[in-house]
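First comes the structure, then the notes that go with it.
The values are calculated or read from the model by the stated rules, or taken from the named source; none is laboratory data. Because the structure is a prediction, the values reported are computed rather than measured. Note: ideal-geometry Cβ built from the backbone for every residue, glycine included; neighbour counts use all protein chains shown. Ligands, DNA and RNA are excluded from the accessible area calculation, which covers all protein heavy atoms including side chains. Shrake-Rupley method; radii C 1.70, N 1.55, O 1.52, S 1.80 Å.
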Amino acid sequence: MTHVMNTYARLPVAFERGEGAWLWDASGKRYLDAMAGVAVCGLGHSHPKYVAALRAQLGKLVHTSNLYQITLQEKLGDRLAAISGMDNVFFCNSGCEANEAAIKLARMYGHNRNIEAPAIVVMDKAFHGRTIATLSATGSRKVQAGFEPLVAGFVRVPFDDLDAVRRVAESNRSVVAVLVELLQGEGGVNICHDGYLAGLREICGTHEWLLMLDEVQSGMGRTGTWFAFQHSGVKPDVMPLAKGLGNGMPIGACLAAGPAAQLFKPGNHGSTFGGNPLACAAALATLDIIEEERLMENAVRTGDFIRAELGRKLGGLKGVREIRGKGLMIGIELDHPCGELVPQALGRGLLINVTMDNVVRLLPPLVFKREEAELLLATLVPLVTEFLDRQSAPQAAAQSA
Ligand code: PMP
């Protein structure tokens, strides 16, 4: 009997070691990793420079606490501010905590403006985490069911629908912020139209709301820029980060700018582990390596190649609804639930994921090479076409009967 709580329907494999985009299990079988630990290990596994940076820090200092100055935290704050244009940052350990900080910032911002019950506009199919507040913000009944009562103060609208946000603005005077993922990851790799972010910025400006972009999954180079908002040039007021920030060392961050940057005072928020020396050393090494190895350019090049090839090989097929994404955040939406593809791919030595039941999701490490992309396609395309054949076979049989 396992003594680990049954919160994940785990696949029957345990990895022992990794190198780049490859993982090995105990029997020596190797797997091509097109998940990167769910958009975490952008540098791939065991990157020598990352390992050396962690080893060096481990021998010096792991943790002191936020009761004292932490030089590496200051340094990481400077770097994050420089690459994002944001003013300052609160460090924590995960994506949900980064979102909790954002939600608290929004509420404090509202209270400072004498709004008694501040509300935040959130989106259908959004995913913001599993804590009580962040699951309340999440747009999935599956995530919320069984954990009611939910936290109040969230107003939900359809994703990528500016008019729906405008209608909320007209009717609800308690709104203080919008919280949105520009590319919804867990929700099915959903992308927004070009003017969406600028439209949200305009609405937020008119009503003095905070624009809060959850870049936990889309950030840290995954879409080809440090952050997904940088494709449009519209800057948020608040930006939660995690996942790829530490390449596997747990670290989250909530960045703030303008009116959101000076809200927290000593005692308003905190985290024991948040931004400790080891986590900050990991994040600093991650930032250095992404820059030095031009991994964002690789994310664009390799991501464009994979999406183009998927489009060419699967695009026209019956049963394939859409191939979409940006950089190395890629979704293939089918018209049937396709969870069975995950263990089938595993059997063929490939790690993929299916989200929202019918969207194959690919989140390869940013170091993914052209040959690895070709191998991914050579394994995945036949799997999907065989799946589609199986789906249409009973229908064809029924029609001919
Ligand atoms: N926000 C987004 C956009 C995410 O994708 C996730 C995790 N999938 C989270 C928040 C929560 O992050 P964590 O699991 O680190 O709490």
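Is the shape of region 334-383 rounded, prolate or oblate, going by the alpha carbon gyration tensor and its root eigenvalues a ≥ b ≥ c, with a/c under 1.5 for rounded and a/b larger than b/c for prolate? It is prolate, given that a/c is not under 1.5 and a/b is the larger ratio. Size descriptors for the chain: radius of gyration and Dmax over Cα atoms are 21.5, 76 Å. Return the whole-Å distance between the Cα centroid of region 201-221 and the Cα centroid of region 105-152. What the calculation gives is 15 Å, centre to centre.
Between amide H atoms placed 1.01 Å from N, distances below 5 Å from Met123 occur with Val157, all of them 5 or more places distant or on a separate chain.
Suppose only helical runs count, i.e. DSSP H with n ≥ 4. What mean residue ellipticity at 222 nm does that imply for the chain under -39500 (n - 2.57) per run, divided by all residues and rounded to the nearest 500 deg cm²/dmol? The partial results should precede the final answer.
Working: 12 runs with 153 residues, N = 401.
Value at 222 nm, helices only: -12000 deg cm²/dmol.
DSSP loop GluC sites (Glu not before Pro) in region 292-352 with at most 13 other Cβ atoms within 10 Å of their Cβ, which ones? Hits after loop and neighbour filter: Glu340. Measuring nothing but protein heavy atoms, the accessible surface of the chain at 1.4 Å probe radius is 54 percent carbon and sulfur. The overall shape of region 274-350, judged from the alpha-carbon gyration tensor, is prolate: a/c is not under 1.5, and a/b is greater than b/c.
Averaging sequence separations of C-alpha pairs under 8 Å and six or more residues apart, then dividing by the length of region 265-337, give the relative contact order as a whole percent.
On the way: 49 pairs, mean separation 15.8, N = 73.
The normalised contact order for region 265-337 reaches 22 percent.
Here the Debye sum runs over all C-alpha atoms of region 1-94 as equal scatterers in vacuum, and log10 of I(q)/I(0) at q = 0.20, 0.24, 0.25 Å⁻¹ comes out as -1.15, -1.25, -1.28. In loop segments of region 106-198 as defined by DSSP, the trypsin sites (Lys or Arg not before Pro) with at most 15 further C-beta atoms inside 10 Å of their C-beta are Arg113, Arg130, Arg173.
The Cα atoms of region 62-126 give a gyration tensor whose axes a ≥ b ≥ c have a/c of 1.5 or more with a/b greater than b/c, which makes the shape prolate. Counting every alpha-carbon pair across region 204-295, the share separated by more than 15 Å comes to 65%.
Going through the cross-link list Lys75/Lys243; Lys49/Lys75; Lys243/Lys313; Lys125/Lys235, which pairs have a Cα-Cα distance over 21 Å in this structure? Display every interim value, and only then the final one.
Details: Lys75/Lys243 19 Å; Lys49/Lys75 18 Å; Lys243/Lys313 31 Å; Lys125/Lys235 23 Å.
The pairs that break the limit, which is 21 Å between Cα atoms, are Lys243/Lys313; Lys125/Lys235.
I'd like the chymotrypsin sites (Phe, Trp or Tyr not before Pro) in region 57-144 restricted to DSSP loop residues with at most 11 other Cβ atoms within 10 Å, sorted by number. It would help to have the intermediate numbers written out before the result.
Numbers: sites: Tyr68, Phe90, Phe91, Tyr109, Phe127; in loops: Tyr68, Phe127.
Loop-located and lightly packed - Tyr68.
The residues of the chain expose on average 45 square angstrom of accessible surface per residue, using a 1.4 Å probe on protein heavy atoms.
Can you tell me the relative contact order of the chain? Whole percent, Cα pairs under 8 Å, sequence separation 6 or more. Present the calculation step by step, with values, prior to reporting the outcome.
Values: 781 pairs, mean separation 87.0, N = 401.
Relative CO of the chain lands at 22 percent.
Averaging over all projection directions, the Cα-based convex hull of region 157-258 occupies 6.6 nm² in the image plane.
Taking every alpha-carbon pair under 8 Å whose residues sit at least 6 apart, region 96-198 reaches a relative contact order of 30 percent.
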